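Report on the structure given below.
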Amino acid sequence: GVFAGARCLLRMGLESRRRGTEAAGSEITSVLILSVLTAILGSLQFGYNIGVINAPQKIIEQSYNATWMHRQGVENATSIDPAVLNILWSLSVSIFSLGGMFSSFMVGVVSEWLGRKRAIIVNNGLAFVGGGLMGLAKLGKSYEMMIFGRFVIGAFSGFASGLVPMYVGEIAPTKFRGALGTMNQLAIVIGI
């Protein structure tokens, strides 16, 4: 996994340091490994949010039904129509991609405006907001919070899909750029 890859990269960095033949800035250091691992956590979140929505489908649908019945009042409470539930569920799943699409168009502008590292840090704020909205949706009796939270997490993922490989590619020594660049995709796959 990610940790095995990090150990391999650390070993390569230690071997190049022992040889002493590498030019300054062209070896793998512990700071570089920490920077790459920290950055790819966003990619791990991206992968996780691609696949996580399917497992709790029934629980989320039950929450939507409870919200629907709560909004009708105690006396008139009827279950949500299956067609409406299907639409709400489909929207909850698909809006993730819509958020990702919109934010992916802005990766270049945001990364130039804020810089790579600061853009990643700000993007992590989107992850907290989206996660918070989804986490509080049941408590707030609001399927709109869940749907909007999925949109925000999608926006986070769209930014992460462009910002993380860009940042890793820029901080990696040329010799190790390919190896470190694959860590982004590895984190996405592990997250799924």
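Looking only at region 163-192, how many residues end up being assigned to a helix (DSSP H, G or I), surrounded by fewer than 22 Cβ atoms within 10 Å (Cβ to Cβ) and more than 10 Å from the chain's Cα centre (by Cα)?
Of the residues in that region, 17 qualify.
Which members of region 36-64 meet the condition of being farther than 17 Å from Ile153 by Cα, among the polar types (S, T, N, Q) and crowded, with 18+ Cβ neighbours inside 10 Å?
Hit for region 36-64 is Ser63, nothing else.
Scanning for something surrounded by 17 or more Cβ atoms within 10 Å (Cβ to Cβ) and among the aromatic types (Phe, Trp, Tyr), does region 96-104 turn up at least one residue?
Looking for residues that are surrounded by 17 or more Cβ atoms within 10 Å (Cβ to Cβ) and among the aromatic types (Phe, Trp, Tyr), one finds at least one in region 96-104, hence yes.
Please determine, by comparing only the residues of region 140-162 that are in contact with a helix residue (DSSP H, G or I) (Cβ under 6 Å, 6 or more places away or on another chain) and over 20 Å from Met101 (Cβ atoms), which one is surrounded by the fewest Cβ atoms within 10 Å (Cβ to Cβ).
Lys141
Taking region 131-162 only, how many residues are of a type outside the set (Val, Ile, Thr), under 16 Å from Val93 (Cα atoms), touching a residue at least 60 places away in the same chain (Cβ under 8 Å) and assigned to a helix (DSSP H, G or I)?
The qualifying residues number 6.
Laboratory data are not the source of any read-out in this text; all were calculated from the coordinates shown. Just so it is clear, the structure is predicted and the values come from calculations on it, not from any experiment. Glycine also receives a Cβ, built like all others from the backbone with ideal geometry; neighbour counts cover every protein chain displayed.
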